[in-house]
Structures are given as structure tokens and as C-alpha cells.
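Novice: Here's a structure for you.
Any read-out appearing in this document is the output of simple, stated calculations on the displayed coordinates, not a laboratory observation. Remember, predicted model here, so these are calculated numbers, not experimental data. So basically every Cβ, Gly included, is an ideal-geometry build from the backbone, and we count neighbours across all protein chains shown.
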Amino acid sequence: MLAATVRVTRDLDLAEECVQEAYAAALDGWPGGGVPGSPVGWLTTTARRRAVDVVRRERVLRAKLPLLVVPEEAEVAVEPGVGDGADCVPDERLRLIFMCCHPALGQEAQLALTLRLVCGLSTGEVARALLVSEPTMAARLTRAKKKIATARIPYRVPEAADLAGRLRGVLGVIHLLFTAGHAAPSGASLMRADLLDQGVHLARVLNELMPGEGEVRGLLALLLVTDARRRTRVDSQGRLLRLDQQDRSQWDHAAIAEAHELLNEEPSRGRYVLQAAIAAQYAEAPTFAETDWARILALYDELLAAWPSPVVALNRTVALAEVAGVERALLAIAELETEGRLAGYQYLPAVKADLLRRAGRDAEAAVAYREALALTSNEAEREFLSSR
Amino acid sequence: MTQYAVLIYAGDSAHREGAEAEQEVHDRHAEELRDADSMVAAFALESVASATSIRGDAVTDGPFVDAKEVIAGFYVIEAPDLDAALRIAGANPVIQQGGGVEVRPVAGGFIRPTARE
């Protein structure tokens, strides 16, 4: 509804106001006159008409309005019967996603705008989800909306030439929201359920809006598989549980099956598809001991070629240890340390500590555990590391 | 249509001595923009060695901000939205020469119609 209205106003604040007024009108009229056949359509039409009125009036008031309606769009807006909106709304939602994730906006602003405008969270909810105070978030949102208006960040799906790059940005934002919920960077609880839900929801919406985009499908599969283990990642006291300690019967097997199906139909081998395939290998093994490590290692090699990230190289060492032994994995870790791109990354000493412990090199393991401990601020992760 | 200023950042202006080849690439690009009718105004600056700055009551030699990259020139383009502006500005040859551009919407401006003798 907001997406359809902002297309008329080209001004987010005004669009939000118009939508609220449409709701108010509904509260007024529906109890006496009855609820219309398509309530959402009625609200959308009312909000858009209201927006057209406001924009027209302002156009008369001011000779030059910076946020003019594009003429053809105004015609669409006043056309009667756009009411049910069933087939135009998905397209509008996609435009809104691309606008909120525009690279001309800072990453924090992209995250905040997406939660506020695409997911429909209130400013207070966005502030809590992203761990900042409400006034700070309100200011951040205002600044971002102002830039959208002043710099004329377009409200549309990018042209074919830009689409691949821009879509990568959108996928990055959704993945980041989910990751922030999965291992909250600070604070007491390991996960923030609201962000996890929003991340999965957004990936699902995007997959519906852009069917046939391999990486969109890959991201949805990745989030579904990762989220399937949500209930078992910590014990009843909130302590972190390793994969081999988790109760597999508690995993969301419907979500794992859905991801499996998404990946089965997918021929492309991009970053998210491969990450999802790796996560699915872990999730689909009946027991930890039956994990197909050789297959996982092969997928990591493929992923490393498609996306040469040092974090991927680090995660690969876990599979390498299972296939080629702990000492080989420690050699790979040493290479990563020399390379230096992961300096200050808490999971490097954490993985190294675990490998050293398994190699029986306890004194060195203790040093690495302490190093990892010094780098993490999440309470649940700290407790896990201290206990080792 | 919105007007955007494109500020060119480089190690120094292409109008410094011994950079004739570089300068020629920029001149050609400027001509293309003029032919495409997307350019409103354009100014290339002399070398940063000729810059003088004033801060408070102090006059100093050199650019206002001491940085690796300085403003080498600027121009104003007209585009329907930021994506279109970024496409035009993204074609500036300075980007292939290790520099970059900043794109900012223009709030207002003035150019005297004809030069006075």
C-alpha cells in the first residue's frame, strides 16, 4: 500500500501520511457502510487518491515542487478501478526494495529503511532491532529519506545493465539483517528472533517477485536451512551448543525440505546457491557422524572459486580437518594468519583453538581460546569460549 | 530533470605540465557529453600547485584540504534521476586513471550569460 502511494507522491513521509489517513477513513466509513469487497484495494486506492489530491494542491501552491509526479504515473493513479491492485502491488514492492537498498545510501540506512518501509516495522521497532536508541533511528531514517528526495534516488527496478550489481546489494542487505539476528553482535541473547523472521520473510518475498533468479533462490534456501536449527543452537540456559550436540529431531524439517527443493531446481552456482548447498549438507545428514565431509569440502572449493573470501577459506578448514586431518587444517589456518586479512576476526582463533585441542596441543589451544574470548562481545559466545 | 554537479578528484589536474595525453582524453569526454546535450556547464582547473587557500585570517599555499586527491575540475549535468546521473558521471575517464568523482545535486547556481572584456 505504501509502495503504491509513494509512487504518486515520490515523498516517503507524505506517502506514509496518506496511508494513515486512508486507515482513518476506513475506521470512519466501514462500521456504518460495510467493509468493501477488497479492503486492501480500497485502502490503497484511497491512499493514492489522497496522495494525488495533496500533490495537485501543492503544485498549485508552489510554482516549483521538487518532488513532482511523473505525469503518466499520475494518470495511472487517478484511473478508477486500480482498486484491487493485486497485480500492480508486487511490482511496486520490488521498486521499494531496490530504492531502500540503493548503493547511494549508507549500509545502516539501507537496513533501517528496508525494515521500516518494506517490512513495515515502526521506528521504535527498527531501533530495537538494530540496537540503537529511537531518536537516533528516527534521525537516521529522516536523513535517508531526505537524501532519497534531494538526490532523486529513483523508485524503480534498475535497468538490465545495472540489475545484477544492484541485486547483489539487495541480497547483501537481506543476508546482513538475518546474520545480525543469527549472531547478534553484542548483548545477552545469541539470537534476535525478529530479525531472523524478517530476513526469511524478505528473501521469500524477493523470490516470489523475481522468480528464476538463481541467487535469490539460493539466499532463501540458505536462510531457511540456517534458521531451521534456530531452536537447538542454545540450550535451556541460553548456552551455545555445537552442531554435534544439537538435537536433530528438533530441527525444522519442513524448512530443510523446502530449501532442498529450491536447490534441486537450481542449475546456477553462485555464492548463495553454494553456501546454501553447504548448509543443506550439514542439515540433511541424519547424524553428525554421517556428515558427508568430502562433499562439503568439494562445495567449499567451488565456493572459494566463485567468491574468494577469507571467511570462506576459514570455514573450509573445518571440513578439511574432517577429510585430511587436523594437522592439514592447522597448516591452512597458519596460511590464513600469515595472509592477515582476518586479523581481529574472532572466529579465526576460535576455529584454531578447537583444532589445537583436538590435536592434543592443549597449551596452545588455551592461548587461542583466550585470544578468541578477547575478540567477542556476545555473552552466549563468551560463555561458550570460557567453558572450553 | 535535476541538475547534478560532478566533482572530479585526482592526484592533480590534467592541466598540469606533461599530462597532455591525459588532458586529451578528458577533452574528448567533455565533447561527448556536450554532444549528448547532458552537460550544462564545465570547468577544468589549473594544477593544484597554483592553488591558494584562506582559512580564518591565514592565507596559505596549496589546496584547502590536505589530501591525496584534490578537485581537478567540475561540471554540471542534467539527468532525470540519480541512476541516470551516476551512469553519466561513471563514464568519466578519471575513474580509469586512479581517481574518482563525487556526484551532488545542485541547489542553485548562476553563470553570467556573456563574458565581459
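Novice: Averaging sequence separations of C-alpha pairs under 8 Å and six or more residues apart, then dividing by the length of the range B:2-105, give the relative contact order as a whole percent.
Specialist: On the way: 174 pairs, mean separation 49.5, N = 104.
Relative contact order comes out at 48 percent.
Novice: Which whole number gives the average count of other chain Cβ atoms within 10 Å of the Cβ atoms across peptide A:373-380?
Specialist: Values: counts 0, 0, 0, 0, 0, 0, 0, 0.
Average neighbour count from other chains, rounded to a whole number: 0.
Novice: I'd like to compare A:195-205, A:19-29: which one has the highest average count of other Cβ atoms within 10 Å, and what's the full order after that? List each step's numbers first, then the result.
Specialist: Values: A:195-205: 20.7, A:19-29: 14.5.
Taking the mean over residues of other Cβ atoms within 10 Å, the ranking is A:195-205, A:19-29.
Novice: Shifting gears a bit: Rounded to the nearest 20 debye, what is the charge dipole size of chain A about its Cα centre when +1 sits on each Lys and Arg Cβ and -1 on each Asp and Glu Cβ?
Specialist: Numbers: 46 positive and 52 negative charges, 246 e Å.
Dipole of chain A, to the nearest 20 debye: 1180 debye.
Novice: Here's another thing I want to ask about it. Averaged over B:72-82, how many beta carbons belonging to a partner chain fall within 10 Å of each residue's beta carbon? Each step should come with its number before you reach the end.
Specialist: Numbers: counts 0, 0, 0, 0, 0, 0, 0, 1, 3, 6, 9.
Going residue by residue through B:72-82 and averaging, the value is 2.
Novice: Report the full-extension gain for the segment residue A:40 to residue A:364: residue separation times 0.36 nm, less the Cα-Cα distance, to one decimal in nm. Let's see the in-between values first.
Specialist: Working: separation 324, 0.36 × 324 = 116.64 nm, distance 6.25 nm.
Gain in length upon complete extension: 110.4 nm.
Novice: Could you size up the charge dipole of the range B:27-117 around its Cα centre, putting +1 on the beta carbon of Lys and Arg and -1 on that of Asp and Glu, and report it in debye to the nearest 20? Don't skip to the answer; put the middle values down first.
Specialist: Numbers: 8 positive and 15 negative charges, 29 e Å.
It works out to roughly 140 debye.
Novice: Please work out the Cα center distance from the range B:1-76 to the range A:220-243, rounded to the nearest Å.
Specialist: 54 Å
Novice: Exposure proxy check: A:386, B:38, A:249 ranked by fewest other beta carbons within 10 Å? Don't jump to the answer; show the numbers that get you there.
Specialist: Details: A:386 10, B:38 19, A:249 7.
Sorted ascending by nearby Cβ count, the order is A:249, A:386, B:38.
Novice: For the protein assembly as shown, taking Cα atoms only, what is the radius of gyration to one decimal and the Dmax to the nearest whole Å?
Specialist: Both quantities, over Cα of the protein assembly as shown: 27.7, 88 Å.
Novice: Further, regarding this structure: How long are the semi-axes of the ellipsoid equivalent to the range B:21-113, from square roots of 5 times the Cα gyration tensor eigenvalues, in whole Å, largest first? Walk me through the intermediate numbers first.
Specialist: Numbers: eigenvalues 131, 59, 36 Å².
That gives 26, 17, 13 Å for the three semi-axes.
Novice: Which ordering of A:210, B:1, A:99 is given by a fewest-first count of other beta-carbon atoms within 10 Å?
Specialist: On the way: A:210 18, B:1 12, A:99 23.
So the ranking, lowest neighbour count to highest, is B:1, A:210, A:99.
Novice: May I ask which residue of A:212, A:148, A:102 lies farthest towards the positive end of the charge dipole of the range A:91-299, with charges of +1 (Lys, Arg) and -1 (Asp, Glu) on Cβ and the Cα centre as origin?
Specialist: It is A:148.
Novice: Could you pull out every one of the aspartates and glutamates with an alpha carbon less than 14 Å from that of residue A:146, ignoring same-chain neighbours closer than 8 positions?
Specialist: The qualifying aspartates and glutamates are A:11, A:13.
Novice: Distance from the Cα centre of the range A:250-273 to that of the range A:300-340, in angstrom?
Specialist: Each part's Cα centre sits 24 Å from the other's.
Novice: Then there's this: Along the charge dipole of the protein assembly as shown, Cβ charges K/R +1 and D/E -1, which of A:228, B:18, B:90 sits furthest on the positive end?
Specialist: Sorting the options by dipole projection puts first A:228.
Novice: Quick one: grab Rg to one decimal and Dmax as a whole number for the range A:91-299, Cα atoms only, in Å.
Specialist: Taking only Cα atoms of the range A:91-299, I get Rg and Dmax of 18.1, 58 Å.
Novice: Something else now. Please give the calculated 222 nm ellipticity per residue for chain A, where each DSSP H segment of at least 4 residues contributes -39500 (n - 2.57) and the sum is spread over every residue; nearest 500 deg cm²/dmol?
Specialist: On the way: 19 runs with 263 residues, N = 388.
Taken over chain A, the calculation gives -22000 deg cm²/dmol.
Novice: Right, something else. Whole-Hz Karplus ³J(HN,Hα) for the range A:111-128, in order, using 6.51 cos²θ - 1.76 cosθ + 1.60 and θ = phi - 60°, x for Gly and Pro?
Specialist: 4, 5, 5, 4, 5, 6, 9, 7, 8, x, 6, 6, 4, x, 5, 4, 4, 5
Novice: In whole Hz, what ³J(HN,Hα) sequence does the range A:350-365 give by Karplus (6.51, -1.76, 1.60; θ = phi - 60°), x for Gly and Pro?
Specialist: Along the range A:350-365, the couplings run 5, 5, 4, 4, 5, 5, 4, 4, 5, 7, x, 8, 4, 5, 5, 4 Hz.
Novice: Which whole number gives the average count of other chain Cβ atoms within 10 Å of the Cβ atoms across peptide A:359-365? Kindly include the intermediate steps, with their values, before the conclusion.
Specialist: Working: counts 0, 0, 0, 0, 0, 0, 0.
Neighbouring Cβ atoms belonging to other protein chains average 0 per residue here.
Novice: With a 10 Å radius around each residue's Cβ, average the other Cβ atoms per peptide and rank B:51-58, A:104-111, highest first.
Specialist: Values: B:51-58: 9.1, A:104-111: 17.8.
With the highest mean Cβ count within 10 Å placed first, the list reads A:104-111, B:51-58.
Novice: Residue farthest toward the positive end of the dipole of the range A:91-299, with Cβ of Lys/Arg at +1 and Asp/Glu at -1: which of A:138, A:157, A:249?
Specialist: A:138
Novice: Under the definition of Cα pairs under 8 Å and six or more residues apart, what whole-number percent is the relative contact order of chain A? If you can, show how the numbers build up before the last one.
Specialist: Working: 499 pairs, mean separation 41.5, N = 388.
That works out to 11 percent.
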